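The values are calculated or read from the model by the stated rules, or taken from the named source; none is laboratory data. Bear in mind that the values here come from a model prediction, so they are computed numbers and not experimental data. With ideal geometry, Cβ positions are generated from the backbone for all residues, glycine too; neighbour counts draw on all protein chains shown.
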Amino acid sequence: MHQGISRMNMTFAGCGFLGIYHLGVTSCLLKHGQALLSQVTCFAGASAGSLAAAMMVLGRDRLQASFYFTYGVAAEIRDLPLGAFNPRFNMLEKLRHFLEDMLPSNAHELANHRLHIAVTRVRDSRGEIISTFNSREELILILLGSCFIPYYCGRDYPVFRGEKWLDGGWTDNLPRPQFGGPTITVSPFSGDHDISPQDNPGRNWRLKVANQSLRVNPSNTRRGIHALKPPKQEVLEEYYTRGFQDTERYLKENGYYNVEVQNGLYVERETTV
């Protein structure tokens with residue numbers, strides 16, 4: 001339990017189309033976790049997780065648009081021969097249009113020191129976490145860089161600050177903000193995270209990849225496939241529901257569910273059915 005701590009962070013793992021899980025998480029946080037959100041000062045993420053973090057900092061009112069974007073792009077990929085590798089499909093272009101529509105004109109100013117984005121520099125495969133942004137356009141490019149998987153997203157690497165960049169998840173798939181305080185970790189893959197699926201531990205084998213500890217089991221293997229090859233919409237909706245439910249469990253276990261802060265005290269919020 002983190003109650004009593006005035007400053008916390010939250011980080012979202014990279015996960016491709018399982019970003020729909022993050023939308024379930026954020027939906028639950030906005031509906032039932034306002035007391036927790038009042039303590040979170042910084043949000044971080046890699047790849048699709050960087051988009052979830054950006055939405056929490058800059059676009060909480062655009063949650064519905066994020067649903068439509070995710071479902072729409074997934075449906076388009078499912079219908080194309082070769083999926084995302086089809087020459088007629090340009091993932092980066094679609095993502096750019098979405099960000100240009102979602103982000104406010106002063107997004108870079110609002111995001112400074114609150115949004116922490118993991119990226120990987122192409123030249124030396126070195127990972128960096130960026131939390132200062134010189135312009136809205138640079139912020140968009142950094143988000144695109146954090147999500148860029150060569151060939152899957154296209155052939156032209158996003159370029160900013162004189163360097164080419166690619167998916168932040170290659171070097172740090174669960175980045176921690178650079179400021180102090182505990183960090184709440186969110187991932188659609190089961191493992192050592194605060195908010196994640198609770199799979200049967202089985203043999204309890206774990207694998208650490210790009211700063212993320214994952215369970216080695218069939219469920220995570222299936223999730224890995226779905227991250228790059230989007231399943232049917234009904235399955236995506238199940239991931240959304242799972243994210244919502246896993247967050248409900250976390251909020252209840254830590255005393256944040258349907259609670260608000262009044263005069264520095266935690267008070268149970270009245271709800272209507």
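Summary of computed values
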item: Residue in segment 132-160 that is surrounded by the most Cβ atoms within 10 Å (Cβ to Cβ), counting only those that are touching a residue at least 60 places away in the same chain (Cβ under 8 Å) and among the small types (G, A, S); result: S146
item: Single unsatisfied condition, R123 versus (1) in a strand (DSSP E or B); (2) over 14 Å from the mean Cα position of the chain (by Cα); result: (1)
item: Pairs with Cβ under 6 Å, 6+ apart, first in segment 229-248 and among the charged types (D, E, K, R), second buried (at least 19 other Cβ atoms within 10 Å of the Cβ) and part of a helix (DSSP H, G or I); result: E248/C28
item: Of all residues in segment 231-266 being in a loop (DSSP other than H, G, I, E, B) and closer than 22 Å to C28 by Cβ, the one that is modelled with the lowest pLDDT; result: N258
item: Which numbered condition E237 fails, given (1) over 24 Å from I184 (Cβ atoms); (2) over 19 Å from the mean Cα position of the chain (by Cα); (3) of a type in the set (D, E, K, R); result: (2)
item: Wholly enclosed strands (runs of 3 or more DSSP E) of segment 170-219 bearing at least 3 residues under 19 Å from T26 (Cα atoms) and touching a residue at least 40 places away in the same chain (Cβ under 8 Å); result: 183-186
item: The lone exception for F179 - which of (1) touching a Cys at 6+ places or on another chain (Cβ under 9 Å); (2) buried (at least 19 other Cβ atoms within 10 Å of the Cβ); (3) closer than 14 Å to T11 by Cβ; (4) of a type in the set (A, V, I, L, M, F, W, C) it fails; result: (2)
item: Long-range neighbours under 6 Å by Cβ, at least six apart or interchain, first residue closer than 11 Å to N258 by Cβ within segment 31-45, second outside any loop (DSSP other than H, G, I, E, B) and of a type outside the set (S, T, Y); result: H32/L251; G33/L251; Q34/E260; A35/V259; A35/E260; A35/V261
item: Set S213, S219: member being within 20 Å of F17 (Cα to Cα) and modelled with pLDDT under 90; result: S213
item: Selected residue [surrounded by 14 or more Cβ atoms within 10 Å (Cβ to Cβ), more than 19 Å from the chain's Cα centre (by Cα) and farther than 29 Å from R88 by Cα] from S196, S219; result: S219
item: Every residue from segment 104-131 that is of a type in the set (K, R) and loosely packed, with under 12 Cβ neighbours inside 10 Å; result: R123, R126
item: Unmet criterion (only one of (1) assigned to a helix (DSSP H, G or I); (2) within 24 Å of A118 (Cα to Cα); (3) in contact with a helix residue (DSSP H, G or I) (Cβ under 6 Å, 6 or more places away or on another chain)) for I77; result: (2)
item: Condition check for H116: within 16 Å of G145 (Cα to Cα) and over 17 Å from the mean Cα position of the chain (by Cα); result: no
item: Tally of residues being β-branched (V, I, T), closer than 27 Å to N86 by Cβ and under 20 Å from the mean Cα position of the chain (by Cα) across segment 126-162; result: 3
